[in-house]
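Engineer: Sharing a structure below in C-alpha cells format, with a few things to ask.
Since every read-out is calculated from the coordinates, none of them should be taken as a lab result. The structure presented is a predicted model; accordingly, all values stated were derived computationally and were not measured. Please note: Cβ atoms are built from the backbone with ideal geometry, for glycine as well, and neighbour counts cover all protein chains shown.
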Amino acid sequence: MSHQPTKLRRHIARKWHRWLGLVAAVPILWLAISGIMLNHAQRLGLNDRMVTSGWILQHYNQLPEGEPYAFEVGDRLITGWGNELFLDEESIPLEGELVGAVAHKGRLLIATPDKIGVFDGADELLLELDNLSLPGTPVQALEAVDDKLHLKIADQTFVLSEDFFSADQVSAELVAIEPRELSPEEKDSLTEAIRTRRGMPLWRVITDAHSGRLFGWPGWVVTDLSAVFLIILTLLGLRLFPKRKS
Amino acid sequence: MSLLLAGGSAFAGPKVHQKPSDFIKSSLGAIPTTHAITLTATQQRQVRAILGKNYKTKAIRYWARNGKSVFILEEIGKTEAITTGVVVKNRKIETVKVLVYRESHGWEVARSAFTNQFQGTSLKSNGQISRSPRNIAGATLSVRALTKLARLALFLDSQK
C-alpha cells in the first residue's frame with residue numbers, strides 16, 4: 001500500500017539529483033580541482049608563479065589611493081602614489097610616503113620617512129637604511145648638496161658618510177624640495193602600467209577563483225549555489241542509496 | 001566543504017614581537033656602527049642556493065661587538081616577510097628570534113620553544129644547518145623560511 005508514495009518520492013529525488021548534478025557539475029569540478037591545487041600550492045610552485053594576464057590583473061584594480069606625485073632625478077621619474085613607490089613605471093620594493101630622491105655617484109637614493117632605499121645602476125635595491133643605520137627617523141628630506149648627501153631629520157640637517165652608515169650633524173638648514181604633480185599623460189601611462197604589468201601570484205588568483213571573488217558578486221553567488229547544490233546532491237544521494245524493494 | 005574555506009582565513013596584521021633596535025641592544029648591549037657585506041657574484045650564487053632566490057638587497061647589514069654578530073634578516077613565509085634577528089658567535093648560532101611576523105598562519109615559529117632549536121647550530125660543509133628544527137604542522141613554510149635565514153646568517157658570518 002505504501003509503495004506508491006515511496007516510488008514517487010524516489011522518482012522525484014532521482015530527477016532532482018540528475019538535473020542538479022548536471023547544473024552544478026562544472027562549478028563543483030572546478031571547486032574540487034582548485035581546492036586540491038591550493039592544498040598543494042607549494043609543491044606545484046603556485047606561490048612563485050606570477051599571473052601577468054592584463055585581463056585578470058584588471059579585476060584586481062591595484063591602483064593606489066590619492067593623487068600621484070613625483071621627483072625628477074635626471075631623466076628618471078620617481079613617483080609616490082598612496083603608500084607605493086615607482087621608478088619610472090616600475091614598482092620598487094620600498095613603501096611609504098615619498099620625501100625625496102637623489103642621484104649620487106652612480107646610485108639612486110629614494111627616501112621615505114622610515115627608510116632610504118639605495119639603488120644601483122641596474123635599478124636593483126642595493127641597501128635599505130632605516131633607524132638602525134640613520135641618525136633617526138622620520139626622514140623629512142634628502143638632497144645632494146655640493147656632492148654630499150644631506151638629510152633632514154627632526155628639523156636637523158645631517159651629512160651622510162660615503163658608506164651611508166654614519167652621519168654628521170651640520171648647521172646648514174636643508175629646505176625640502178617639493179615634489180610635482182604628474183601630468184595627465186604621465187598618470188594615464190602609470191595607471192596602465194599598474195593595471196596590466198604588475199603580476200599577481202598564481203595561488204592568489206586560484207584562491208580568488210576558488211571562492212568566486214575573482215568574478216565579483218556573480219562569482220561568489222555561483223560558488224555559494226554550487227555549495228548548496230552539493231549539500232542537496234549529497235542528501236538526495238543518501239535518500240536514493242537504499243536498494244529498491246522488488 | 002573545507003575546499004570552500006581554503007582562502008578565507010582572517011588576517012590580524014603584523015605582530016611585532018620585538019623592535020629590531022631593541023633586539024640589537026639586548027644582544028650586544030648597544031647599537032654599534034652598521035657594517036654591510038656587499039655580495040659578490042659568487043656570494044650571490046651561494047645566497048641563491050640557500051634561499052632559492054636572491055636576497056632582497058645586494059648588500060646585507062650586520063652589527064658586531066665582543067665577537068658577536070647580529071643580522072636582521074627577512075624572508076617570505078608564504079606571502080609576507082618574516083623579520084628575524086639572528087645572533088652568531090664563533091660560527092654558531094647563539095639566538096634566533098622572530099621580530100615581526102606578518103603571515104596569517106604559522107605564528108608558532110615565533111615561540112621560543114621552536115627558535116631555541118637553532119641554538120648552537122652551525123653550517124655544514126654542504127651548506128646545510130648542522131641540526132634541522134622539527135617541522136610544525138600548518139607552519140611548514142614559516143619553518144622553512146626561518147631555517148633558510150639561520151643558514152643565511154651563518155653563511156654571512158663566515159664571509160665577514
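Engineer: Using the Cα centre of chain A as origin and beta-carbon charges of +1 (Lys, Arg) and -1 (Asp, Glu), tell me which of A:Phe241, A:Leu214, A:Ile33 is placed farthest towards the positive end of the dipole.
Structural biologist: A:Phe241
Engineer: Given the C-alpha centroids of the range A:87-162 and the range B:64-119, what is the distance between them in whole angstrom?
Structural biologist: 27 Å
Engineer: Moving to a separate point now. Which loop GluC sites (Glu not before Pro) in the range A:172-210, with loop taken from DSSP, have no more than 10 other Cβ atoms within 10 angstrom of their Cβ? Before the final figure, lay out each step's value.
Structural biologist: Working: sites: A:Glu173, A:Glu181, A:Glu185, A:Glu186, A:Glu192; in loops: A:Glu173.
Here the sparse-neighbourhood loop sites are A:Glu173.
Engineer: Still on this structure, I have one more. Compute the semi-axes of the equivalent ellipsoid of the range B:14-158, taking the square root of 5 times each eigenvalue of the Cα gyration tensor, and list them largest first in whole Å. Could the numbers behind the result be given before it?
Structural biologist: Values: eigenvalues 84, 66, 46 Å².
Those come to 21, 18, 15 Å.
Engineer: Dipole size in debye (nearest 20) for the range B:1-149 around its Cα centre, Lys and Arg Cβ +1, Asp and Glu Cβ -1? All intermediate terms of the calculation are to be shown ahead of the outcome.
Structural biologist: Working: 23 positive and 7 negative charges, 100 e Å.
About 480 debye.
Engineer: Go ahead and estimate [θ] at 222 nm for chain B from helices alone: -39,500 (n - 2.57) per DSSP H run with n ≥ 4, summed, over the residue count, rounded to 500. Write down the numbers at each step before the final one.
Structural biologist: Details: 4 runs with 43 residues, N = 160.
The helix-only estimate for chain B comes to -8000 deg cm²/dmol at 222 nm.
Engineer: If you don't mind, another one. Please rank B:Lys78, B:Lys53, fewest neighbouring Cβ atoms within 10 Å first, as an exposure proxy. Write down the numbers at each step before the final one.
Structural biologist: Details: B:Lys78 19, B:Lys53 12.
So the ranking, lowest neighbour count to highest, is B:Lys53, B:Lys78.
Engineer: Now for a separate question. Using helices alone, I'd like the mean residue ellipticity at 222 nm for chain A: each DSSP H run of four-plus residues gives -39500 (n - 2.57), total over residue count, nearest 500. Please list the in-between numbers first.
Structural biologist: Numbers: 6 runs with 97 residues, N = 246.
Helices in chain A give a 222 nm mean residue ellipticity of -13000 deg cm²/dmol.
Engineer: As a footprinting exposure proxy, order A:Met50, A:Met37 by other Cβ within 10 Å, with the fewest listed first.
Structural biologist: On the way: A:Met50 12, A:Met37 18.
Ascending number of Cβ neighbours within 10 Å: A:Met50, A:Met37.
Engineer: The range B:44-110: Rg/Rh from Cα coordinates, Kirkwood Rh? Write out the running numbers ahead of the final one.
Structural biologist: Working: Rg = 12.9 Å, Rh = 13.1 Å.
Rounded to two decimals, Rg/Rh equals 0.98.
Engineer: Beyond a 22 Å Cα-Cα separation, which of these cross-linked pairs lie in this structure: B:Lys53/B:Lys78; A:Lys105/B:Lys19; B:Lys19/B:Lys68; B:Lys78/B:Lys124?
Structural biologist: A:Lys105/B:Lys19; B:Lys78/B:Lys124
Engineer: Neighbour counts of other C-beta atoms within 10 Å: give me B:Ile72, A:Ile28 arranged from fewest to most. Mind dumping the intermediate values first?
Structural biologist: Values: B:Ile72 22, A:Ile28 17.
Lowest count first: A:Ile28, B:Ile72.
Engineer: Now a separate question. Report D for the range A:166-246 in µm² per second (integer): Stokes-Einstein, Kirkwood Rh on Cα pairs, 4 °C, 1.567 mPa s. The partial results should precede the final answer.
Structural biologist: On the way: Rh = 19.3 Å.
Diffusion coefficient, whole number: 67 µm²/s.
Engineer: Here's another thing I want to ask about it. I'd like the per residue volume of the convex hull spanned by the Cα atoms of the protein assembly as shown, given in cubic angstrom. Before the final figure, lay out the partial values.
Structural biologist: Values: hull volume 74.6 nm³, N = 406.
Cα-based convex hull of the protein assembly as shown, divided per residue, equals 184 Å³.
Engineer: Please list, or write none, the aspartates and glutamates whose alpha carbon is within less than 14 Å of the alpha carbon of B:Lys15, excluding same-chain residues fewer than 8 places away.
Structural biologist: B:Lys15 reaches B:Glu80, B:Glu103, B:Glu108.
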